[in-house]
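Take a look at the structure below.
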Amino acid sequence: MENLFYTLQDFYTHTKGVTYVLMVGILVSIAFFWKFLAGNDDD
Amino acid sequence: MSDHAATNGRPLLTPFNIVAGIIVVVGLILTVLRFTGGLAATTNLDDYNPWGLWIGFDLLVGVALAAGGYVTSAACYIFGMKRFHSAVRPAVLTGFLGYALVVVALHYDVGRPWRLPYPFIMQQGTTSLLFEVGACVALYLTVLFLECTPVAFEWLGWKKARALAVKMTMVLTIFGVILSTLHQSSLGALFLIAPSKLHPLWYSGYLPVYFFVSSIIAGLSMVIFEGTLSHRAFHDKMDAVHLEERDGVVLGFAKAASLVLAGYFFIKVVGISADNNWHYLGTGYGAWFLVEMIGFVMLPSILYAVGRRDKNIPLIKWTAAWTVLGVIVNRFNVSMIAFNYHLPASDRYFPHWMEIAISVFIVTVGVLIFRWIVTRMPIFYEHPDYQDSH
């Protein structure tokens, strides 16, 4: 893994890129999870 | 002495009372040993591991599981969810006893317990996290005590004092939420000072956030768990309103716990990603981390959601117990299991049996005081003189 990074900038570009992609997935997942959780609400 | 010479016509020599009595006697003997022989006589603590079970369980777990007080009173009084009102008094009482026993346990753990008030009167370091935790716990314990006073005043028949105490409810609730937000997170922040000692999978700059969010989960689950046990033991003490509202409390808290657990799972994943710690997941500690994350976070989140959708009360109650266990596992991981992970096995900490016995003793004392109070004071029912006064 360490061979992938040559500078601190490389490291942060990689980790932040992965994190941002994850965040988009999480936001979408939370919406679906809320729909599942509150789907049967009658109040 | 007759084995029926007890209060409320209940037999004195029940299996619970016998076991609790033995634990209390052993605990008192060990207490004498601790305060005469010192920490070395009763603990496995050393310079590598100055914080052991009494911090990991009695303090970290105790504070987290006592979070039901601020969670429930905030839901009822600040967010106006009056359908949870019947859960407030048991939750606040559990919180008060939890915090009171945390302070009792600290006397065992701190080498010179008579110096516990020193942060307030001796030192200048008010920027210290330990000072902040100490100040918040002292203030919040006072808040919880004041929140409990209407119950005692109703029992004593002190109507004017009770009216004054009830008027303070909203202020105390807001104060309680602020103090809890501060010290629940600060307990996690205490470990920020040890980035080289805590395993990277548990260490994160977000530790204060993790501790605060997981305290909400602990509080919600503990209210359901404690309510389940109380339902079995004190069913005869509960009035019709309490029994009617019970399922609504369980379903409402399950929904909240499910969502907060999902959020907690995601912020933990973001923490792993932000520190680029993915490669640790393939190690032994990684496997244990995945057990915690999938078994004690993702699984209960899904089970709570299914239980809430299907209105499956037994499933929710079991999930609450499982989640409480998960919070214990998390605090143990941060404070003991993943702490000093790099040390050789010979230098790792495992609690002395006397440390475990003292912790069991303190929990038992809490349960006994809880039982003493709820069998005498209006915790699970409205006092006849004050019905419809909320």
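Cross-link partners for residue B:255 among the aspartates and glutamates, with Cα-Cα distance under 18 Å and sequence neighbours closer than 8 places in the same chain left out: A:41, A:42, A:43, B:226, B:245, B:247, B:310. Principal axis extents of the C-alpha atoms in segment B:1-149 (largest first, rounded to whole Å): 51, 49, 25. Among the chymotrypsin sites (Phe, Trp or Tyr not before Pro) within segment B:20-100, those in coil by DSSP and having at most 12 neighbouring Cβ atoms inside 10 Å are B:48, B:79. Compute the angle between helix B:313-332 and the longest alpha-carbon principal axis of chain B, please, reported from 0 to 90 degrees and rounded to the nearest 10. Compared with the principal axis, the helix lies near 40 degrees. Rounded to the nearest 10 degrees, the angle from helix B:299-310 to the longest Cα principal axis of chain B is 30 degrees. A simple spin-label model places the labels of residue B:122 and residue B:386 4.0 nm from each other, with each point 7 Å out along Cα-to-Cβ. Provide the gained length on full extension for the span residue B:178 to residue B:41, in nm with one decimal, where the gain is 0.36 nm per separating residue minus the Cα-Cα distance. Here the answer is 45.4 nm. By the count of other C-beta atoms within 10 Å, a proxy for reagent exposure, B:115, B:34 are ordered fewest to most as B:115, B:34.
Can you give me the long-range amide H partners of residue B:198? Hydrogens built in the peptide plane at 1.01 Å from N, cutoff under 5 Å, separation of 5 or more residues or another chain. Sorted by chain and number, the residues that satisfy this are B:340. Take chain B, connect every pair of alpha-carbon atoms lying under 10 Å apart with a spring to form a Gaussian network, then pick out the residue of B:66, B:305, B:20 with the largest mean-square fluctuation. Highest fluctuation of the listed residues: B:20.
Each residue, residue B:367 and residue A:28, gets one label point 7 Å from its Cα in the Cβ direction; the gap between the two is 4.8 nm.
Expressed as a rounded percentage, what relative contact order does chain B have, with Cα pairs under 8 Å and six or more residues apart?
Once normalised by length, the contact order is 26 percent.
Per-residue ellipticity at 222 nm from helix content only, as computed over the protein assembly as shown with -39500 (n - 2.57) for each DSSP H run of at least four residues, stands at -21500 deg cm²/dmol. Extension gain for the segment residue B:163 to residue B:342, taken as residue separation times 0.36 nm less the Cα-Cα distance, is 58.7 nm to one decimal.
Stokes-Einstein at 37 °C, 0.692 mPa s, Kirkwood radius from Cα pairs: D for the protein assembly as shown in µm² s⁻¹?
Values: Rh = 23.3 Å.
Estimated diffusion coefficient is 141 µm²/s.
Is the C-alpha gyration tensor of segment B:233-372 telling us rounded, prolate or oblate? Criteria: a/c under 1.5 is rounded; beyond that, a/b larger than b/c is prolate, otherwise oblate. All intermediate terms of the calculation are to be shown ahead of the outcome.
Values: a/c = 3.44, a/b = 1.33, b/c = 2.58.
Since a/c reaches 1.5 but b/c is at least a/b, the shape of segment B:233-372 is classed as oblate.
Summarised as an ellipsoid, chain B has semi-axes of 33, 26, 22 Å, derived from the eigenvalues of the Cα gyration tensor scaled by 5 and square-rooted, with the largest first. Once the Cβ-Cβ distance of residue B:115 and residue B:353 is raised to the sixth power relative to R0 = 30 Å, the FRET efficiency obtained is 0.65.
Each value in this text was obtained by applying a stated rule to the coordinates, not by laboratory testing. On a predicted model such as this, the values are computed, not experimentally measured, just so you know. A quick note on method: Cβ atoms are made from the backbone with ideal geometry, for glycine too, and the neighbour counts reach across all protein chains shown.
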